[in-house]
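K.L.:
So that we are looking at the same thing, I have put the structure below in structure tokens.
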Amino acid sequence: MPEPMECPTLSIVMPVYNASEYIRQAIDSLLQQTFTDFELIVIDDGSTDNSLEIVKSYDDPRIRVLRNECNKGIVFTRNRGLQEMRGRYYAPFDADDIAMPRKYEKQIGFMEKNPAYGLTGTWARHIDSEGKLLKTKWKLDADACFIPSVQLFRAYFIQSAVVFRKEVLEAIGYTPGFEIGEDYLVYYQIALKFPCVNLPEYLIHYRIHPGSITQSNPALYRDREFHLYRIIFGTLETDITQREFEILMYIKYRMAVPSVPVLRSVESFLLQVLEANDRLKVFEKPCLTHVVMNRWAKSCFNARRFPVKTAWVFLHSGILFRYLNALPEIRRARRHRSFQ
């Protein structure tokens, strides 16, 4: 059995709240990692089931068990883990997910070889409440240069999949008040300052079950999402009103576009994003142009109920014009992949 370490390379932090149904599978998957130089900090956030008893049943010196005096919420708990960690790398891990055996071996190896990178994630397969593989999965294969722009529209990393460089995350931390979407905001802020990438392998099983917030309380999730996007688009000095948020949801979730006027609103919003970046230079122009064109093409595809009008709008759009002009720079950006 591994000896306890004063200065492990990696600190894995697992917040726990009433996770007794899944937590043993999660912990077992971590203790079976081929990379063993880690501590596992399990923080019980006031569970009322037997989650804490399950954790304490393990006899492994790498596990440190902490408990909040009452339910403090996910942001407090993640930040407490960040304060308690002793490793050079920080890895959040949810108590209902499963890590593949070589996950941390591959991620720590990547981070050691590529010191400029602030974080790395992986792809993920989906499992149901019983642990059975679903047909859906997340293949997050965008080149690193495009990820900051992609994250204007969606989170491009998965909580249990990521590894952060400690000093990068410490400078930002998890923002109080965002009990939903706290991870997305962190990814967005870090990607604005440091290269980030997902390793091209399925190294976690991400559990989808009725207890998740997106399933159990979609109205609350949507409300928090609105406030989150107001902060994100604030970097482009763009005020997200309720109407613009609704347009953004068509883009993010690839919803069917019900009419040509709505498609025009999507086009107007995306052009506004490009013009704001022309002025403020937050994102690399060719990379943002590529990402916006991708969103525009998918929105037009989702307006295929009106094929003739949609084709005309697409072919006469200023977005397409900008994209064609930027193609040589986009190709150059793709060729300069700076990680090993």
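Rule-based calculations on the coordinates, nothing more; no lab input. Quick caveat, the model's predicted, so the values are computed rather than measured. Because the Cβ atoms are built from the backbone with ideal geometry, glycine has one as well, and the counts that use them run over all protein chains shown.
K.L.:
Throw me the Rg/Rh for segment 237-335, computed over C-alpha atoms with Kirkwood Rh, two decimals.
P.N.:
0.97
K.L.:
Going toward the positive end of the dipole of segment 174-303, with +1 on Lys and Arg Cβ and -1 on Asp and Glu Cβ, which of ILE204, ALA219, THR241 do you reach last?
P.N.:
Farthest along the dipole direction, towards plus: ILE204.
K.L.:
Place the peptides 235-244, 313-322 in order of packing, highest mean first, counting for every residue the other Cβ atoms within 10 Å and averaging per peptide.
P.N.:
The peptides rank, most packed first, as 313-322, 235-244.
K.L.:
So how far, in whole Å, is the C-alpha centre of segment 207-267 from the one of segment 143-199?
P.N.:
Each part reduced to its Cα centre gives a spacing of 18 Å.
K.L.:
Further question on the same structure: Per residue of segment 153-167, what does 6.51 cos²θ - 1.76 cosθ + 1.60 with θ = phi - 60° give for ³J(HN,Hα)? Whole Hz please, x for Gly and Pro, Karplus curve as stated.
P.N.:
Once θ is set to phi - 60°, the couplings for segment 153-167 become 10, 6, 5, 10, 9, 10, 3, 6, 8, 8, 10, 9, 6, 3, 5 Hz.
K.L.:
Could you state the principal axis extents of the C-alpha atoms in the chain, from the largest down, to the nearest angstrom?
P.N.:
In descending order, the Cα extents are 66, 41, 35 Å.
K.L.:
Tell me which lysines have Cα within less than 16 Å of LYS298's Cα, excluding those fewer than 8 residues away on the same chain?
P.N.:
LYS252, LYS309
K.L.:
Now for a separate question. Compare the Cα positions of TRP138, PRO101, ILE63 along the charge dipole of the chain (+1 at Cβ of Lys, Arg; -1 at Cβ of Asp, Glu; about the Cα centre) and return the one farthest towards the positive end.
P.N.:
After comparing all options, I get TRP138.
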